[in-house]
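The values are calculated or read from the model by the stated rules, or taken from the named source; none is laboratory data. Computed from a predicted structure; not experimentally measured. Counting neighbours? That spans all protein chains shown, and the Cβs are built from the backbone with ideal geometry, glycine included. Ligands, DNA and RNA are stripped out before the accessible areas are found, and what is left, the full protein with its side chains, is counted by its heavy atoms. Shrake-Rupley method; radii C 1.70, N 1.55, O 1.52, S 1.80 Å.
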Amino acid sequence: MQIFIDSADVREIREAASMGVIDGCTTNPSLVAKVGRKLEELIPEICSIVDGPVSAEVLSTDVDGMVAEGRILAKIHKNVVVKIPLIGEGLKAVRIFTAEGIKTNVTLCFSPMQALLAAKAGATYISPFVGRLDDIQYDGMELIEQLVTIYENYGFNTQILVASVRGPMHLVQSALIGAHCSTVPFSVIGQLLKHPLTDAGLEKFLADAKKMKA
Ligand code: G3P
């Protein structure tokens, strides 16, 4: 399973990339607003750090606006993936981008039939939001199971990019179900890495090393 970092913070992205565990990066308007930077200067910097797909989201909600914005974003770097909300106008834009060879990430997916429509329009990635479904007492991971089955049943090439990840178990389940990728906040990458037996074992090795013959 590919792991993307869900962040617009270049310090976090740099740190994760330096560990060699990052296959790509996803941003959204909320994450970009949080770091107080302009998208057009942020995306090239992220592309210089991450050697893989980097999602940048359009802000327009009409097809013409999305296509105009997306074409500008796609010109920034060959790895830019245009992120588009899962609405009718968005699917029209996906169809146009697909014909132009521009990669797309269809975001804000909360149901299997939304995902089917996005795949039919030619989406490169679909982003189902598991955490936000869990928040309202739906089972986010059940949606991932449904998507994997539906896409396999009909041979769609759209990659399932599990989003709105809140903790390590979302990753464990995504990998077991067979999702193609998950995008995770920097804090969750730290949680994935951590194991108390690793820490205790290292502490003991270092303590014993002091007793070694010089
Ligand atoms: O990038 C989209 C997604 O990962 C957002 O996550 O935590 O705001 O629901 P969250």
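Scanning segment 76-102 for residues that are surrounded by 22 or more Cβ atoms within 10 Å (Cβ to Cβ) and within 16 Å of the ligand (Cβ to nearest atom) turns up 80, 81, 82, 83, 84, 86, 90.
Pairs are defined by a Cβ separation below 6 Å, a sequence spacing of at least 6 or placement on different chains, a first member in segment 150-174 that is touching a residue at least 24 places away in the same chain (Cβ under 8 Å) and charged (D, E, K, R), and a second member that is part of a helix (DSSP H, G or I) and open to solvent by less than 70 Å² (accessible area, probe 1.4 Å); the pairs so defined are 166/131. Residue-level check: of (1) closer than 13 Å to residue 103 by Cβ; (2) open to solvent by 50 Å² or more (accessible area, probe 1.4 Å); (3) among the small types (Gly, Ala, Ser), residue 56 misses just (2).
Inside segment 20-57, residues that are more than 11 Å from the ligand (Cβ to nearest atom) and free of Cβ contacts under 8 Å to residues at least 12 places away in the same chain make up a count of 6. Taken as a whole, segment 173-193 holds no residue that is closer than 15 Å to residue 111 by Cα, surrounded by 13 or more Cβ atoms within 10 Å (Cβ to Cβ) and modelled with pLDDT of 95 or more. Going through (1) in contact (Cβ under 8 Å) with a residue 24 or more places away in the chain; (2) within 15 Å of the ligand (Cβ to nearest atom) one by one, residue 14 falls short only on (2).
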